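Notes for the one structure printed next.
Coordinate-derived values only; no laboratory data. Just so you know, these numbers come straight off a predicted model, no measurement behind them. So basically every Cβ, Gly included, is an ideal-geometry build from the backbone, and we count neighbours across all protein chains shown.
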Amino acid sequence: MKRNNDRFDDDFELVDLEEDIFAEEAPAKESYEGSSEEGAYEEEVYEEEVFEDGEYEEGFEEDDLVFEEDWDEEEAAPLTKKELRAMKKEQKAARKANRRGLDAANGKRRRGFFYYAIPIALLSLIIISGYFFLSDFLEYKAASDEYKALERFIVVQKPKEETSEEAPAEEEDTYPDLTIDYDGLLAVNPDFIGVLHIPALDDLTYPVVISHDNAEYLNRTFEGNTNASGSIFMDCYASRDLTDANSLIYGHNMKNETMFGSLKKFATLQGFQAYAEHPFFYIYTKDTVYKYEIFAFHTTPVDSYIYDGFYGEDGYDTYVRLSEADFDVQLESLGEERLHEYDFSERPRMVTLSTCWGTGHVYNFVVHGMLTNLFTQ
């Protein structure tokens, strides 16, 4: 049956029903599930058939048309074929997005394992690094505070400044004035043997100990506390009275330049200039002050001749020759030369200060001193 659109009043407007609304056979239903505030819902969508202009399918009644006056905006409008295809396309894209781990709602990639794992790993690394940094800081501070407290036993007196009116005094062989409570230091640690003082390194001053082995004071402070800074200690095979041809004294190369951490300054131009101004270090005992002139400093392998010891005059001469050769290499890297030639004809006693150098403990840095004088207190 055909009907003409002209029969309807102009005040009514037909809702565009697209081409094909009903099939000739029973309408096939497609189920569509979507989301709304009330939950899931289903709509029946009918296949559409193309009509000729001004014609409707037979059996189509006027009541099936939707007019503007009957339109309820609160109800969902019938889906057109174009809208249906678009909705199906969205559904398909959503399913595909979910399979690929995407958030279909905002189009962002789903936050997978690595999204959280990497920040957590970085945060953990920061926390662990901070923990070790704080631990090192607190340990360094504890050692620094402890050795600073020993200043009650060791006081470095400042040299008297000469006025312009005073006649310059003749240079004499002397030593810096240190006030040391030897009995007080012995009471704190019975292994105490003397005080080391190096003016060229900002008046580096530490008590020196000796033990039955070379391991005890690696991580034990002068007061007996466990700490990575350890102590300044003499080789366990050395004589306590410094009468050996060469006495070795060890100390850690601390990052904050405490203990023997400042020895490496000698390997710089600034350190060399400080050495040139005052090329001596001193060891104070209760009865004697030993004055040593620095005749060499350089890096050396941890298993070098420095630690092998020597015997006799030939061994002594070989040791000195090798040390000076290594010193020349060190000076060449600085573009400097020796201050002067040293006289070893009398084969004076020596003291070698040793600390680690760099990472991996492959090399050490050593400072050699030859005894030039001793003073009775």
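Listing for the model above:
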{"item": "Cut-off under 5 Å, modelled amide H: who pairs with residue 254 long-range", "result": "260, 261"}
{"item": "Amide H partners (placed H, <5 Å) of residue 220, local residues excluded", "result": "227, 230, 231"}
{"item": "In Hz, Karplus ³J(HN,Hα) per residue of the range 125-141 (6.51, -1.76, 1.60; θ = phi - 60°; x = Gly, Pro)", "result": "4, 5, 5, 5, 4, x, 5, 5, 4, 5, 4, 4, 4, 5, 5, 4, 5"}
{"item": "The range 243-248 - phi-based ³J(HN,Hα) in whole Hz, Karplus 6.51/-1.76/1.60, Gly and Pro as x", "result": "9, 6, 4, 8, 10, 9"}
{"item": "Amide H contacts under 5 Å for residue 297, placed H, 5+ residues apart", "result": "368"}
{"item": "Label-point separation in nm, residue 94 to residue 129, each point 7 Å along Cα→Cβ", "result": "4.5 nm"}
{"item": "FRET efficiency for residue 273 and residue 341, using Cβ-Cβ distance with R0 set to 22 Å, rounded to 0.05", "result": "0.65"}
{"item": "Subset of 158/255; 141/291; 141/265; 265/291; 148/255; 158/265 violating a 25 Å alpha-carbon distance limit", "result": "158/255; 141/291"}
{"item": "Added length on full extension, which subtracts the Cα-Cα distance from 0.36 nm per residue, residue 239 to residue 188", "result": "16.2 nm"}
{"item": "Residue order, fewest to most beta carbons within 10 Å, for 350, 87", "result": "87, 350"}
{"item": "Under the Karplus curve 6.51 cos²θ - 1.76 cosθ + 1.60, θ = phi - 60°, whole-Hz ³J(HN,Hα) for the range 362-377, x wherever Gly or Pro sits", "result": "9, 10, 10, 10, 10, 10, 9, x, 10, 5, 10, 6, 9, 10, 7, 9"}
{"item": "Estimated inter-spin distance, residue 333 and residue 86, nm [label 7 Å along Cα→Cβ]", "result": "7.6 nm"}
{"item": "Net lengthening on full extension, residue 376/residue 115 (0.36 nm per residue, minus Cα-Cα)", "result": "86.6 nm"}
